[in-house]
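A.B. asks: Quick one: the structure is below, and I'll ask about it shortly.
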Amino acid sequence: MKTTIFTLALIALLTLGSCNSEPTLQKYFVENTENKDFIALDISPNILNLEKTKLSAEQTEAVNSFEKMNILAFKANDKNQAQFETERTKVNAILKNPKYEQLMKFGSGKDGASISYVGSEDNIKEFVIFLNRKETGFAVVRVLGEDMNPNNIMTLMSVLQKSKIDMDQLKPLEQLLKK
């Protein structure tokens with residue numbers, strides 16, 4: 001009996017101790033996916049509609065390193081500016097965590113974009129693009145994959161330009177782009 005109580009107490013302690021209350025983008029996405037003020041999309045590689053037989057070895061490697069893309073967007077308007085500022089501050093705070101290595105930043109603090117990644121230069125697990133504009137809102141794009149590297153991302157961008165993107169998967173974003 002004492003062993004059972006001790007075992008249960010140990011399991012409970014380990015479970016509670018292993019819970020990480022630190023905010024992450026993944027948690028932020030999960031918390032806001034069903035929120036009516038956000039638009040959430042999960043995009044798979046098949047959105048590219050590529051003829052894989054026409055890809056070079058480098059392009060094939062880049063496409064294969066890409067697993068999915070998550071997009072979470074908040075549409076700002078005159079009535080929700082306070083909420084917009086709150087949510088944008090939350091995302092900025094998450095991206096200041098040292099696990100998100102910033103590659104580039106554009107624009108000012110109020111309007112702009114940043115590109116960050118998680119992992120090492122040779123094994124990037126996640127690229128994060130954060131775009132924000134006070135008048136229209138913000139979007140956070142998580143590009144998830146395995147063994148991605150900066151060359152793969154640049155190659156993937158060139159493949160994107162040549163692809164026949166399935167625009168039906170992007171329809172929910174039209175709401176955000178319309179003002």
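A.B. asks: Using a 1.4 Å probe and ignoring any ligands, DNA or RNA, find the accessible area of Glu101 and quote it in Å² to the nearest 10.
C.D. replies: 90
A.B. asks: Please list 3J(HN,Hα) in residue order for the stretch 31-42, calculated via the Karplus relation 6.51 cos²θ - 1.76 cosθ + 1.60 where θ = phi - 60°; whole Hz, with x for glycine and proline.
C.D. replies: Those phi angles translate into 5, 10, 4, 8, 6, 5, 7, 10, 10, 10, 9, 10 Hz.
A.B. asks: Something else about it: At a probe size of 1.4 Å, how large is the accessible area of Asp78, to the nearest 10 Å²?
C.D. replies: Solvent-accessible area, nearest 10 Å²: 150 Å².
A.B. asks: While we're looking at this one, here's another question. Ordered by residue, what ³J(HN,Hα) values in Hz, to whole numbers, does the stretch 79-84 give under the Karplus form 6.51 cos²θ - 1.76 cosθ + 1.60, where θ = phi - 60° and Gly and Pro are x?
C.D. replies: 8, 10, 4, 5, 5, 4
A.B. asks: What residues qualify as long-range amide H neighbours of Leu103, i.e. H under 5 Å apart, gap of 5 or more or another chain, H built at 1.01 Å from N?
C.D. replies: Counting only residues 5 or more places away or on other chains, the set is Ile115, Ser116, Tyr117.
A.B. asks: Under a 5 Å amide H to amide H cut-off, with H placed in plane at 1.01 Å, what residues pair with Gly137 once short-range neighbours are removed?
C.D. replies: Ala76
A.B. asks: Which of the GluC sites (Glu not before Pro) found in the stretch 31-62 are in a DSSP loop and have at most 15 neighbouring Cβ atoms, other than their own, within 10 Å?
C.D. replies: Glu34, Glu51
A.B. asks: Rounded to the nearest 10 Å², what accessible area does Lys99 show when all protein chains are kept and the probe is 1.4 Å?
C.D. replies: Accessible area, nearest 10 Å²: 90 Å².
A.B. asks: While we're on this one: Beyond a 25 Å Cα-Cα separation, which of these cross-linked pairs lie in this structure: Lys36/Lys90; Lys36/Lys79; Lys68/Lys134; Lys75/Lys162? The partial results should precede the final answer.
C.D. replies: Working: Lys36/Lys90 18 Å; Lys36/Lys79 14 Å; Lys68/Lys134 28 Å; Lys75/Lys162 29 Å.
Beyond 25 Å between Cα atoms: Lys68/Lys134; Lys75/Lys162.
A.B. asks: Taking amide H atoms as placed 1.01 Å from N in the peptide plane, list the residues 5 or more away in sequence, or in a different chain, whose amide H sits under 5 Å from that of Lys125.
C.D. replies: Val118, Gly119, Ser120
The values are calculated or read from the model by the stated rules, or taken from the named source; none is laboratory data. Computed from a predicted model, the values in this text were never measured in an experiment. Every residue, glycine among them, receives a Cβ derived from its backbone with ideal geometry; neighbour counts consider all protein chains shown. What goes into the accessible areas is simple: the full protein's heavy atoms, side chains included, and nothing from ligands, DNA or RNA. Shrake-Rupley method; radii C 1.70, N 1.55, O 1.52, S 1.80 Å.
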